[in-house]
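Student: Let me begin by handing over the structure; questions about it come next.
Throughout, read-outs are computed from the coordinates displayed, never taken from laboratory work. As the structure is a prediction and not an experimental result, all values here were calculated from the model. Positions of Cβ are generated from backbone atoms using ideal geometry, with glycine treated the same way; all protein chains shown enter the neighbour counts.
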Amino acid sequence: MSRVVPPGAGWCGRGDKKRTFEIHEPVVCYDKPAAAQVDRAEYDRKRQAALMGDVLQDFIVPKKSAKTWTMQAGDLCRVTVVEGSQVGDMNFWNLDNPAERFYSGKTRQLHSSHLSVYDRLWSSLPHLRPMATVVADSIKYGIDEDGASVHDVIGTRCDDYTYKLITGEDRWGSCHSYLTKAAEEAGLAEADVHDVWNIFMCTGFTKDTHQYFCKPSPARKGDYIEFVADMPLLVALSTCPQGDVSTPVGKAVPDEMCHPLGVQVFRAAAL
Ligand SMILES: [Zn+2]
């Protein structure tokens, strides 16, 4: 004997009728803890002291590559767009214990989907400590009418595995592969490469389907972002092979759309 399913009823008996839900105001999940709110004057002073001190490192990350460098607590790093518009993907490890590394998801929850001045980059559990604090951003893009902003902690990093999933083609040449090579040269392994801070990238979620979208980076030659290290750091930066990321993953990106980024590390003079 077959069960009689009334018209409009689904297999689980709830029916296909659209449910209605109570309406609530959004509540911010993480009421920003005190440790996520820096003393702005203190970080302005740290920035000034570092910029007036010594330039410890000054180098270029060539297009479609990655480099690592180290910083001590209090050092300031400035990443600059030195030619054309270019997105960078960043990883951070505790220099003394690389198991403690940047935790983009928790950083997103404690601050927001896109980082701006005085936001901090937090480390993985069980440590959960500030690794660095953003102290300057020449772009100051804000949030546009599509909800897009720059410097996100939403995405992961472009990688050849997802590229193959989309295109069916093998490739070596992505932020993940560049970061892996740089990490290996620094004594780490592919598994140490983690979700990134996407500097200069302009992203958001579509309003109708909440899909991750990108817009061409608004960063132009001379634009920069700066952060102060809050602990000894090993830092990695890749120059994305998608250039200003105006092309969806899987589409060919002309080589002339890819550019280098400049890195400088400053240290305050000893008192
Ligand atoms: Zn990339």
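Student: If the cut-off is a Cα-Cα distance under 20 Å, which aspartates and glutamates reach K46, setting aside same-chain residues fewer than 8 apart in sequence?
Tutor: Here the aspartates and glutamates satisfying the reach criterion relative to K46 are D54, D58, D75, D119, D137, E226, D230.
Student: Go through the range 70-164 and name the GluC sites (Glu not before Pro) that are in a DSSP coil and have 15 or fewer other Cβ atoms within 10 Å of their Cβ.
Tutor: On the way: sites: E83, E100, E145; in loops: E83, E145.
Passing both the DSSP loop test and the Cβ count: E83, E145.
Student: Ok, one more. Just the projected area, averaged over all directions, of the convex hull on the alpha carbon atoms of the range 124-163: how many nm²? All intermediate terms of the calculation are to be shown ahead of the outcome.
Tutor: Working: hull surface 21.0 nm².
Approximately 5.2 nm², given one-decimal rounding.
Student: Could you please tell me the mean projected area of the C-alpha convex hull for the range 85-128, averaged over all directions and given in square nanometres to one decimal?
Tutor: Numbers: hull surface 15.5 nm².
Computed as one quarter of the Cα hull surface, the answer is 3.9 nm².
Student: Could you give me the ³J(HN,Hα) list for the range 253-264, computed from phi with Karplus coefficients 6.51, -1.76, 1.60 and θ = phi - 60°, whole Hz, x at Gly and Pro?
Tutor: Per residue, the Karplus-derived 3J(HN,Hα) values read 10, x, 4, 6, 8, 9, 9, x, 10, x, 10, 10 Hz.
Student: Right, here's the next one. How big is the convex hull of the Cα atoms of the range 46-144, per residue, in Å³?
Tutor: Cα-based convex hull of the range 46-144, divided per residue, equals 132 Å³.
Student: Here's another thing I want to ask about it. Radius of gyration and Dmax for the range 92-172's Cα atoms, expressed in Å?
Tutor: Final numbers for Rg and Dmax: 15.5, 43 Å.
Student: May I ask you to list the trypsin sites (Lys or Arg not before Pro) in the range 14-55 that are in a DSSP loop and have at most 13 other Cβ atoms within 10 Å of their Cβ?
Tutor: Here the trypsin sites (Lys or Arg not before Pro) that fit, given the DSSP loop and packing criteria, are R14, K17, K18, R19.
Student: Looking at the calculated P(r) for the chain, what percent of the C-alpha pair distances fall above 34 Å?
Tutor: Tail of the P(r) past 34 Å holds 24 percent of the pairs.
Student: Between exposed chymotrypsin sites (Phe, Trp or Tyr not before Pro) in the chain, where DSSP calls loop and at most 14 other Cβ atoms lie within 10 Å, what's the longest gap? Kindly include the intermediate steps, with their values, before the conclusion.
Tutor: Values: sites that count: W11, F21, Y30, W172.
Counting at most 14 other Cβ atoms within 10 Å as exposed, the longest clean stretch of the chain is 31-171.
Student: In whole Å and largest first, what semi-axes does the C-alpha gyration tensor of the range 152-253 yield when each eigenvalue is scaled by 5 and square-rooted?
Tutor: 23, 20, 13
Student: Give the calculated FRET efficiency between R220 and E25 to the nearest 0.05, with a Förster radius of 51 Å applied to their Cβ-Cβ distance.
Tutor: Efficiency, rounded to the nearest 0.05: 0.85.
Student: Across every pair of different alpha-carbon atoms, what Kirkwood hydrodynamic radius in Å does the range 218-271 reach?
Tutor: 14.3 Å
Student: Do you know the relative contact order of the range 51-163, to the nearest whole percent, from alpha carbon pairs under 8 angstrom that are 6+ apart?
Tutor: Relative contact order comes out at 19 percent.
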